Amino acid sequence: MHVGAALFITFLVGLIIGVATTAVTMVMDRRRQNLAELLEPRLNDSVIEVLKALPQMAIVTDRSYNVVWASPGATVKGLVSRDNRLTPRLQAVAQVAWSADDHSETQLMLPRGPYGSAAITVRIRANQLSPRYLILLAEDLTEAIRVQEVRRDFVANVSHELKTPIGAVTLLAEAIGEASDDQEQVEYFANRLLIEGDRLTRLVREIIDLSRLQSTDAMAEAEDVNIADVVSNAVDQTVTIAEGKSATVSVRVDPDLVVWGDPRLLVMCMQNLITNAISYSPAGSRVGVGARRQGDVVEISVTDQGIGISEEDQKRIFERFYRVDSARSRNTGGTGLGLSIVRHVVENHGGDIAVWSQLGKGSTFTVRLPLIEAFKPGVDSAEAPKINPIPLSVPEQ
């Protein structure tokens with residue numbers, strides 16, 4: 001064979017081998033890239049910028065319900081689990097959109113935390129973004145629904161509850177006018193007028209507090225809250241009423257108990273419980289306040305030596321304006337709103353509250369809140385264990 005031909009053939013074979021090797025390498029690289037995209041999918045940066053500009057919370061998921069991208073608030077609202085997957089309820093919505101090859105829309109109520117019945121309401125719209133991806137847009141309707149309820153309830157509550165103290169003030173004013181020549185009677189009616197005015201002020205303030213609780217998100221300004229500080233501040237706010245009844249408040253709080261919440265509202269919650277414990281106990285009684293860690297939960301208990309609550313009344317004490325003993329409530333200045341406020345604060349913090357009580361022996365109210373490291377929005381409250389309140393040990397008088 002001619003030398004030139006041999007060289008040409010050798011060159012041609014080398015070229016073919018080189019091209020083939022390059023082609024195989026490119027195919028392998030492409031396959032590795034595809035595999036990497038499957039294992040760790042990413043969206044185009046321009047698509048992400050568009051999603052960030054949407055007013056709704058956006059979630060992009062693949063067919064296995066792995067979240068490719070989500071708005072920052074999606075996890076906090078309980079739409080995305082901690083392992084970066086759609087929560088079971090959203091998986092059901094996504095499945096409809098995938099199977100129908102069309103969009104799906106629904107409204108869901110999701111638990112705010114692992115305990116209690118407080119929930120958020122979201123409207124979910126799911127639509128295919130591509131053959132591989134599905135986009136879910138979530139609009140939080142909680143605030144709008146809450147405002148509607150507040151407007152309706154506020155008018156109903158005010159019209160019903162303010163009639164009595166306003167009527168009493170009117171009658172007392174008339175009595176003072178008729179007894180203007182009797183100094184003793186004038187002083188008596190004037191004192192009664194001050195008492196009714198104070199009760200009216202307290203009632204209006206608590207109605208406003210309750211309305212604010214319903215009309216705003218308790219977790220909008222949440223932060224790390226030390227329970228020892230909450231209990232200390234609440235006890236400080238009840239010093240005057242405790243001194244007025246010669247009551248002693250004993251405190252025992254485990255250290256380093258931290259929850260996620262609004263410190264002002266949590267102090268209000270504990271202050272209401274401690275005030276009730278003092279008000280409904282005999283003079284010279286002891287009130288116990290304790291907090292401890294139980295697994296991933298903080299249990300805060302307030303125990304009194306008061307009149308106790310019957311089993312029938314225990315079912316309704318957290319209702320607005322419900323009073324166990326109306327006559328005694330008038331004497332203590334009770335409005336029937338304190339425990340309702342407590343329940344709203346606790347549930348808005350993803351917690352729960354229960355009561356243990358025996359007539360003539362006293363009561364224990366137990367608030368349970370998730371520790372900050374265990375706070376996982378979106379956990380179904382039905383899966384959470386129930387409270388089994390145990391009264392604190394309060395020394396006998």
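The values are calculated or read from the model by the stated rules, or taken from the named source; none is laboratory data. The model shown is predicted, which means the values in this text are computed figures rather than measured ones. Here the Cβ positions follow ideal geometry from the backbone for every residue, glycine too, while neighbour counts run over all protein chains shown.
Hey, ARG31 hits all of (1) modelled with pLDDT of 70 or more; (2) of a type in the set (Lys, Arg); (3) over 30 Å from LEU110 (Cα atoms) but one; which does it fall short on?
(1)
Is there any pair linking a residue in the range 222-236 that is under 17 Å from TRP260 (Cβ atoms) and in contact (Cβ under 8 Å) with a residue 40 or more places away in the chain to one that is in a loop (DSSP other than H, G, I, E, B) and of a type in the set (D, E, K, R), with Cβ under 8 Å and at least six apart or on different chains, and which?
Once the first residue is under 17 Å from TRP260 (Cβ atoms) and in contact (Cβ under 8 Å) with a residue 40 or more places away in the chain and sits in the range 222-236, its partners that are in a loop (DSSP other than H, G, I, E, B) and of a type in the set (D, E, K, R) give ALA222/ASP262; GLU223/ASP262; VAL225/ASP262.
Tally up the residues in the range 173-202 that are in contact (Cβ under 8 Å) with a residue 12 or more places away in the chain and among the acidic types (Asp, Glu), please.
The qualifying residues number 2.
Give the range 242-279 a look and list any residue that's assigned to a loop (DSSP other than H, G, I, E, B) and either among the polar types (S, T, N, Q) or free of Cβ contacts under 8 Å to residues at least 60 places away in the same chain (or both), or say none.
LYS245, SER246, ALA247, ASP254, PRO255, ASP256
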